[in-house]
Ligand SMILES: [Zn+2]
Ligand SMILES: [Zn+2]
């Protein structure tokens, strides 16, 4: 038996399009600079009024440095992610930068469009939550054989209807996970 959705994931991996690969180099580079600059700000620039406060100051500098650095990484991620969703890049990057406290990023993750991928069989454009291709019935993700809702590759029973997934003659890879 063929495993159509397995072929689908192999195609995705071949593109090297994992979420972490989306973060551009400039943003990783910039986040390191931002982190170091924050450490300098706390330890070199601000006056050392109370020497006994050093552990506190180290904690403050480390946590805010990490927060600023992740913010830069997040902006880098959004700048790439927005393009593969065919949304307006300049608008969303500006929004994420300008809205304070990461609210822009939260709004972005709530409103972003699903990624369009292509059916490996007939190249129809598909949203990421499709289980089957609407044109050729190509199976994109593992699904329950009874209620046809999506299941995890490691599931033994369907979480929606309790169907025993072994009865669907699941591929050997599923069986391997069970033992
Ligand atoms: Zn198709
Ligand atoms: Zn089910």
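Please give the number of the condition residue 120 fails out of (1) outside any loop (DSSP other than H, G, I, E, B); (2) over 26 Å from residue 25 (Cβ atoms); (3) touching a helix residue (DSSP H, G or I) at 6+ places or on another chain (Cβ under 9 Å). The failed condition is (1). When you check residue 85 against the structure, is it at negative phi and without any contact (Cβ under 8 Å) to a residue 12 or more places away in the chain, yes or no? Judged against the criteria, residue 85 is not a match. Residue 141 meets all of the listed conditions (1) within 16 Å of ligand 2 (Cβ to nearest atom); (2) free of Cβ contacts under 8 Å to residues at least 24 places away in the same chain but one, namely (2).
How many residues does the stretch 137-155 hold that are surrounded by fewer than 16 Cβ atoms within 10 Å (Cβ to Cβ) and within 16 Å of ligand 1 (Cβ to nearest atom)? Count: 1. Inspect all residues belonging to the stretch 90-113 and state whether any of them is within 16 Å of ligand 1 (Cβ to nearest atom) and either in a loop (DSSP other than H, G, I, E, B) or surrounded by 15 or more Cβ atoms within 10 Å (Cβ to Cβ) (or both). Scanning the stretch 90-113 turns up no residue that is within 16 Å of ligand 1 (Cβ to nearest atom) and either in a loop (DSSP other than H, G, I, E, B) or surrounded by 15 or more Cβ atoms within 10 Å (Cβ to Cβ) (or both).
Throughout, read-outs are computed from the coordinates displayed, never taken from laboratory work. As the structure is a computational prediction, the values presented were derived from the model and not from experiment. Counting neighbours? That spans all protein chains shown, and the Cβs are built from the backbone with ideal geometry, glycine included.
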